[in-house]
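Below is one structure; the comments refer to it alone.
The values are calculated or read from the model by the stated rules, or taken from the named source; none is laboratory data. Keep in mind it's a predicted model, so treat the numbers as computed, not measured. All Cβ positions, glycine included, derive from the backbone under ideal geometry; neighbour counts span all protein chains shown. In case anyone asks, the SASA skips ligands and DNA or RNA and just uses the protein heavy atoms, side chains included. Shrake-Rupley method; radii C 1.70, N 1.55, O 1.52, S 1.80 Å.
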Amino acid sequence: MKLKTLVISAASVALLASTTVTAKPVGIIKGVMEVAGISRNQDNKATINPAFAKTSRPCPPFCIQPTNPFAPAAVETVSELDIIHALRDIAKGDKSKMVIDARTPVWMSAKKGGTIKGSVNISFKKLNAKAVAKDPDAVIDILTGKFGVVDNGSGILNFSKAKTLYLFCNGLWCGQSPAAIRALLALGYPESKLKYYRSGMNAWHSLGLSTVGK
């Protein structure tokens, strides 16, 4: 009897080992699995990166951002799909757009969850009101060197060929990209060329979207 039981048990283990559990596909939208190198984690049991697991960061400074924090300026608040579409266009050679990670560089590490593939890290500390007050020339250098703004040399900035900027930070509780956007608006950057990805990296990770990290 013991031998028979052992034989049955061994057969059961072999059957279980040979059974492949196939995860259900995780698309970006129905029928679309990848865009510009961005896809979603295909592990149906995956959980959010621990760096974004906290629910109760102290406020201030980590207060919930309004949907339209720049009113009356009509800066559009965008979604993950808008970011993905912008990155798709950039990958195809569109130089009129830029996706900016406005967080401090420490957040670029894999341990901290990395950043969105195709984005450019320009810390809010280089663009915010304090940066403008401390070293306005350094801020203007970023605008002219990276954003397509033209300095006429008379203190007047020409934004006619300025890039459309999509700025993000850590999410609904993060004020880093809003600080950068407010400073850009104060400098005259057209509100139509500024986009705010409010949900940020917290939502990006919750959706299992691709990231890159050092």
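Report the local net charge at Ala23: Lys and Arg +1, Asp and Glu -1, summed over other residues whose C-beta lies under 15 Å from its C-beta.
Working: positive: Lys24, Arg40, Lys45; negative: Asp43.
Within the 15 Å Cβ shell, the charges total +2.
For the chain, what mean projected area does the convex hull of the alpha carbons give, in nm²? Before the final figure, lay out each step's value.
Numbers: hull surface 67.7 nm².
Reported value for the Cα convex hull: 16.9 nm².
With an 8 Å cut-off on Cα pairs and a minimum separation of 6 or more residues, tell me the relative contact order of the chain in percent.
Numbers: 318 pairs, mean separation 57.7, N = 214.
In percent, rounded to a whole number, it is 27.
Based on the Cβ-Cβ distance from Glu34 to Val106, what FRET efficiency comes out when R0 is 41 Å, to the nearest 0.05? Mind showing how you got there, number by number?
Values: r = 29 Å, r/R0 = 0.70.
Efficiency computed from Cβ-Cβ geometry: 0.90.
Taking the solvent-accessible surface of protein heavy atoms with a 1.4 Å probe, what is the per residue accessible area of segment 72-212 in Å²? Don't skip to the end; give the middle numbers.
On the way: 6280 Å² over 141 residues.
The answer is 45 Å² per residue.
Just to check I understand the Karplus step: with θ = phi - 60° and J = 6.51 cos²θ - 1.76 cosθ + 1.60, what whole-Hz values come out for segment 117-122, glycine and proline as x?
Values, residue by residue: 4, x, 7, 10, 8, 10 Hz.
So which of Lys30/Lys92; Lys45/Lys125; Lys54/Lys163; Lys126/Lys195; Lys134/Lys214 end up more than 25 Å apart by C-alpha?
Numbers: Lys30/Lys92 22 Å; Lys45/Lys125 37 Å; Lys54/Lys163 34 Å; Lys126/Lys195 18 Å; Lys134/Lys214 30 Å.
The pairs that break the limit, which is 25 Å between Cα atoms, are Lys45/Lys125; Lys54/Lys163; Lys134/Lys214.
At most 14 other Cβ atoms within 10 Å and a DSSP loop assignment: could you name the trypsin sites (Lys or Arg not before Pro) in segment 65-113 that fit?
On the way: sites: Arg88, Lys92, Lys95, Lys97, Arg103, Lys111, Lys112; in loops: Lys92, Lys95, Arg103.
Filter output for segment 65-113: Lys92, Lys95.
On full extension of the chain, what length is gained from Lys24 through Thr67, given 0.36 nm per residue of separation minus the C-alpha to C-alpha distance?
Working: separation 43, 0.36 × 43 = 15.48 nm, distance 3.33 nm.
Taking 0.36 nm per residue and subtracting the Cα distance, the gain is 12.2 nm.
What does the net charge come to around Leu143 if you take all other residues with beta carbon closer than 12 Å to its beta carbon, with K and R at +1 and D and E at -1? If you can, show how the numbers build up before the last one.
Working: positive: Lys126, Lys146, Lys161, Lys163, Lys193; negative: Asp137, Asp141, Asp151.
Local charge sum for Leu143: +2.
Please list, ordered by chain and number, the residues whose modelled amide H lies under 5 Å from the amide H of Cys174; skip anything fewer than 5 residues away on the same chain.
Residues meeting the criterion, in which the H sits 1.01 Å from N, are Gln65.
Modelling each spin label as a point 7 Å along the Cα-to-Cβ direction, I'd like the Ser192/Ser160 distance in nm, to one decimal.
1.4 nm
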